[in-house]
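One structure is given here, and the rest of the page talks about it.
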Amino acid sequence: MSRSLLYHPRYLIVSTSMDVSTHEGLANHAESVSCYLHEYGRNQAFRSEYSKSFFIYLLAASWSKLHSRFRSWQALGFIRQLELSITGSSLEKMITEDEFQYELELGPGDRTLADFFSRNKIFLLAMVDSHCKSLPDEVKSRLSHLTHSPSGSTLTFNEFSKAAELARKNEAVLYTKDTVLDFHCLLYLSFLMAGNALGDIKDAHLRLNNHNGKKKPDVVETYKLAIKAAEVSIRFLVCMLSSSAFKSHMNFWTDGGLSLRHILPSFDRKREYMIFGKDRKIIGSSKMGPGPTDASPSYENSEDDTTEVREKIIEAC
Amino acid sequence: MLDVNKTTLQAPGSLLKFHGWVTIFVAHFLAKRTLEYHSALLFRASPNDFAKPEIKILAVDSEEYDLPSWDKFKRVIRDALTGLEEEVVKQIIDTLESKIIGNDISVPKEVQKGLRTMKQVIKGDTKTITLRMHCEAVFAALLEARGRPTDIDTENVFKTLAEIWKVLGFVSRYNTFHSYFPRTWKAI
C-alpha cells in the first residue's frame, strides 16, 4: 500500500455508492476535491501519485455522465463519421491533393500525448488489437492499409510511433503529412476504446445493483476492475483531444472548417448511429430500452448540452 | 483546396465551437488538469498562505411557470408572419392546431412531450408548467455575472443570483471538516 493511500484515504476510494445527487453526497464530493487540490499543491514529490489516484476517483464519480454523453446519438454520429473516413478514401485523397501545412513546433499537449503513447505503446497496441477483432473486416482491412500495417496482423502505427519518440525529445513535430492517417485511425480507436470501457463499467454497475440490494464481493470486484480497466483508454482519449495535433487534424479533416457540415451528426440518421453504437459495443450490452431493431425505437437517450452546441454550430454555418 | 464557391460558412468560428463540443467528452479530466495547474501555481506563489480551496455548491430546484394562453401564442405567430395575408396566417394557425390536437403527425419520442404540453395549452387544460434550469446554463450565467463590472462584491452577486433562482441550499465553506475520513461514504 502506498504512502498516499494511508495518508489521504478520502479521494483514493472507489466507492460503489457515490451519489452526488443528494446534498450530502455532493458536499462530500466537494470536500474530496478540495482536499485533493490542497494536498496536490503542497506535496510536490507526490503529485504524480496523487494525480493518478484522483483520476480513478474522478472516473468512478463521473463515468455515468461520460457514458450518457458517449451513447448520445450526436457522439455516436461523430464516431461513425470517424469510421466512415477510414472506410472511404477521402482522407487519402486530401493528403495526395492538398498542400499539407503543418506547425513547425510542438503545440500545447503534443508532448504529453507523445509521452503517453510511447510509455504505454505496448499496452495500447494490445488494446487496439483486441478491439479490432470485433470490427467488421472492411474496417479492419482499411485500418491495416491506412497505417501501413501488414494485413491480418497487429496495427503498428509506425509513423506515429516514430514521430512520438522524436516529439518526446523535442526533435520533431507530432502532426505531419506522414502521421495524418495514423493519427486519424488512433483518434477513431481512442473513442471506440473509451466508449467500450464506459459500456463495460455500465454493465458492471447494473450487475452490482441486481442482487436485491446486496453487493456480492465478486460483483463489486468486477465493478472496481471495470473502472480501473477504463483508466488507460480514458487517459489516451484525454491526451488525444487536448493535443494541438488534434486541433490541426480537425482543421485538416474539415478543410479549415469549410466541410465541417459533412461530419456533423445528423438527427435524420439517429437510428443508424444507435445501431452503430450497439454494434461497436459503446451502448452497453445490458441496455435499458427497446433495441434498435424494434419497430418504434425508444432508446435510452441523453439529450444534453451537445444538442445545443450542435445547433449553435449549424446556426454559425 | 479552398473553394470559395463551395460554401459561405463562418469556418473558423464553427470549427472552434465543434472542437469545444468534442472536448466535452473529457471535460472532467481537462478540468482536473486545470485545477491541478492552478493549485501548484498558487502554492509556489505563496506556500505559507496556501489553504484548502472553498467550493460553493448551488442547488437549483424546479420552478413552476405560468403558461401563456393559446390566444397569446396565436398573437406571437401573427406578429411573426406580418408579411403574409390574414387568410394564409389563419390557415397556418388552424393547421398547427389541428395537427397538434389530432395527433396527426409522426414525431420522435422526445418531441411528443412538448406536443402534449402544447395540446394542453390549446385546450386550456393547464395554466402552469414545471421546468428546471440546466445546471451548466446556471453555472455559465454565474460566470457571466462574475465577469461583469459591478459595484456589488462577488459574494453578494452569488447570493442575489441564488435568491433569484430559488436556491435550495447554499452550502459553502466545507473546509471546516477536521478529518479526511469520509463521514457517510460506504467504501468498498
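Of the residues making up the range B:13-37, those that are at the interface with chain A (Cβ under 7 Å from one of its Cβ atoms), more than 20 Å from the chain's Cα centre (by Cα) and more than 13 Å from A:ASN251 (Cα to Cα) are B:PHE29, B:LEU30, B:LYS32, B:LEU35, B:GLU36. Against the test of being closer than 23 Å to B:PHE50 by Cβ and at pLDDT 90 or above, the options A:TYR11, A:TYR36, A:TYR7, A:TYR40 yield a single qualifying residue, A:TYR40. In the range B:127-153, which residue that is of a type in the set (D, E, K, R) and surrounded by 12 or more Cβ atoms within 10 Å (Cβ to Cβ) is modelled with the lowest pLDDT? My answer is B:ARG146.
Each row is one residue, and each column tells you yes or no for (1) closer than 24 Å to A:LYS177 by Cα; (2) among the hydrophobic types (A, V, I, L, M, F, W, C).
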| site | (1), (2) |
| --- | --- |
| A:LEU76 | no, yes |
| A:GLN81 | yes, no |
| A:GLU92 | yes, no |
| A:LEU106 | yes, yes |
| A:LEU113 | yes, yes |
| A:ASP129 | no, no |
| A:CYS132 | no, yes |
| A:PRO136 | no, no |
| A:LYS140 | yes, no |
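Contact annotation: residue pairs with Cβ atoms under 6 Å, 6 or more positions apart or on different chains, pairing a residue in the range A:165-184 that is basic (Lys, Arg) with a partner that is buried (at least 22 other Cβ atoms within 10 Å of the Cβ), are A:ARG168/A:ALA114.
If you go through the range A:133-151 and keep only what is under 15 Å from A:HIS184 (Cβ atoms) and either of a type in the set (Lys, Arg) or not in a loop (DSSP other than H, G, I, E, B) (or both), you end up with A:VAL139, A:ARG142, A:LEU143, A:SER144, A:HIS145, A:LEU146. Has the range A:78-101 got any residue that is free of Cβ contacts under 8 Å to residues at least 24 places away in the same chain, crowded, with 16+ Cβ neighbours inside 10 Å and not charged (D, E, K, R)? No, the conditions are met nowhere in the range A:78-101.
Filtering the range A:21-51 to residues that are charged (D, E, K, R) and either surrounded by fewer than 21 Cβ atoms within 10 Å (Cβ to Cβ) or farther than 18 Å from B:ALA31 by Cα (or both) leaves A:GLU24, A:ARG42, A:ARG47, A:GLU49.
The values are calculated or read from the model by the stated rules, or taken from the named source; none is laboratory data. The structure displayed is predicted, hence computed values, not measured ones. Counting neighbours? That spans all protein chains shown, and the Cβs are built from the backbone with ideal geometry, glycine included.
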